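First the structure, in the form of structure tokens, and then the observations on it.
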Amino acid sequence: MSRKIPEEWLTLGLESSCDETSAAVLRGGREVLSNVISTQIPVHQKFGGVVPEIASRHHIVNIMPVIDEALRQAEVRLKDIDQVAVTYGPGLVGALLVGVAAAKGLAFSLGVPLIGVNHLEGHIFANFLSDKELEPPFMALVVSGGHTALVHVKDYDRFTLLGQTRDDAAGEAFDKIARVMGLPYPGGPRIDALAREGNPLAIDFPRALDEKGNYEFSFSGLKSAVLNYINSEKMKGHELAKADIAASFQHSVIEVLVTKAVEAAKAAGCGRLVLAGGVAANSGLEARLREAAQAAGLRFSYPSRLLCTDNAAMIACRGYYQALSGEYSDFYLNAVPGLGLSSRVPDDHEPEEG
Ligand code: KG4
Ligand code: ZN
């Protein structure tokens, strides 16, 4: 590590876990000097979802130009970089490997530390970039394309996973339902827009595991209920009330997420609640969670739209805090496609503190 003080460390972050190739430069833990995101959404749209092999190929083509552009926008040179942070999972294996290989090559040639970052922890840390005052402890509701979880962030390197989804993630349900309704990929933002024009109480879709104190989620039953409803409407020859379906489905997802998140924050004695992951960009979720948090006396924050979905600034931020606690990777770092969120609490059975 350079002899600079941590506030001046320049962290290069790389993200390539799915369909966004991104590079960012961070000064210290929270000052974003650049955050360049090259999205492949238009490439995958015609297939209705991400095609892993095509994603890997595009990452290979994009990664170096994206890094160059991040350095240019940050007005720094490669030799100024103090450490390289990269997503090593979860995600598509071929896609992850592109970022990991690039990060290893850069760290090795520059003689600087390499930091492997869990993408889901990166989503949580996006909140530190949007809310400069935010400090642990807080409760985080993580809702991405592949994961839905409640995490008690006790400190920068101490988390307790309270519960996650038993089956589908919330984002997955958004994407699947959108696809069946003939909406283009990715479905989440399309459902969000449609829902604004529909009646959230038009159709009573189910809510799973809604008993008090249960912090696990399940969205496969809801997904099937919506798909069955759509099929039966089609069979009856009815025109689909797409806006009402979108609004009612979204309402059902939001009520479960909001109720559990607020309850978990209160039960853990946390005064703060944050939202993380791609689905955090959902306007209905953000509005409803803000309202419920306020009513419960909780301070609420969520990342700006750009920082909600996949980006390298959040990875650099997580990497910075890992470096502060001396948590570096060696050059054997490999992609771990199935990496999940787990507790990072040495004394996991200690009583919850506020
Ligand atoms: O976190 P993310 O960018 O990628 C993963 O790590 O999975 O999340 C992508 C997910 C997709 O399922 C996408 O449909 C969903 O986030 N999403 C939304 C919205 N914007 C993105 N879901 C609901 N409403 C939105 N506005
Ligand atoms: Zn993500």
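When the Cα centres of the range 248-266 and the range 196-221 are compared, how far apart do they sit, in Å?
8
So for the chain, taking the charge dipole from beta-carbon charges (+1 Lys/Arg, -1 Asp/Glu), which of Gly338, Leu222, Gly116 sits furthest toward the positive end?
The listed residue farthest towards the positive side: Leu222.
How many percent of all Cα-Cα pairs in the range 213-302 sit more than 15 Å apart?
Numbers: 2578 of 4005 pairs.
The calculated P(r) of the range 213-302 puts 64 percent of pairs beyond 15 Å.
Please build a GNM for the chain, connecting alpha carbons under 10 Å apart, and tell me which residue among Phe219, Phe159, Phe108 fluctuates the most.
Phe108
Just Gln83, Gln40, Gln164 to compare: in a GNM of the chain, with alpha carbon springs under 10 Å, which one fluctuates most?
Taking springs between Cα atoms under 10 Å, the residue moving most is Gln40.
Note down the nm distance, to one decimal, between modelled labels 7 Å out along Cα→Cβ at Lys79 and at Lys4.
Roughly 1.5 nm, to one decimal.
Under a 10 Å cutoff between Cα atoms, tell me which one of Leu201, Leu129, Leu33 has the largest fluctuation in the Gaussian network model of the chain.
In this elastic network of the chain, the residue with the biggest mean-square fluctuation among Leu201, Leu129, Leu33 is Leu201.
Add -39500 (n - 2.57) for each DSSP H run of 4 or more in the chain, then divide by its residues: what number comes out at 222 nm, to the nearest 500 deg cm²/dmol?
Details: 11 runs with 150 residues, N = 354.
Mean residue ellipticity, 222 nm, calculated: -13500 deg cm²/dmol.
Over all distinct alpha-carbon pairs, what is the Kirkwood Rh of the range 135-303 in angstrom?
On the way: mean 1/r = 0.0620 Å⁻¹.
Every distinct Cα pair counted, the radius reaches 16.1 Å.
Working out 0.36 nm times the residue gap between Tyr332 and Val43, then minus their Cα-Cα distance, what length gain in nm do you get to one decimal?
Numbers: separation 289, 0.36 × 289 = 104.04 nm, distance 3.19 nm.
Length gained, Tyr332 through Val43: 100.8 nm.
Per residue, how much accessible surface does the range 135-303 expose to a 1.4 Å probe? Answer in Å², no decimals. Don't skip to the end; give the middle numbers.
Numbers: 6700 Å² over 169 residues.
Counting only protein heavy atoms, the per-residue value for the range 135-303 is 40 Å².
Restrict the search to the range 19-96; then list the trypsin sites (Lys or Arg not before Pro) that DSSP places in a loop and that have at most 13 other Cβ atoms within 10 Å of their Cβ. Please report the intermediate quantities before stating the final value.
On the way: sites: Arg27, Arg30, Lys46, Arg57, Arg72, Arg77, Lys79; in loops: Arg30, Lys46, Arg77.
The qualifying sites are Lys46, Arg77.
Looking at the chain, how many pairs of lysines come closer than 25 Å at the Cα, when each pair is eight or more places apart or spans two chains?
Summing the qualifying lysine pairs gives 26.
The values are calculated or read from the model by the stated rules, or taken from the named source; none is laboratory data. These numbers come from a predicted model, not from an experiment. When we count neighbours, we look across all protein chains shown, and the Cβ atoms used for this are built from the backbone with ideal geometry, even at glycine. Ligands, DNA and RNA are excluded from the accessible area calculation, which covers all protein heavy atoms including side chains. Shrake-Rupley method; radii C 1.70, N 1.55, O 1.52, S 1.80 Å.
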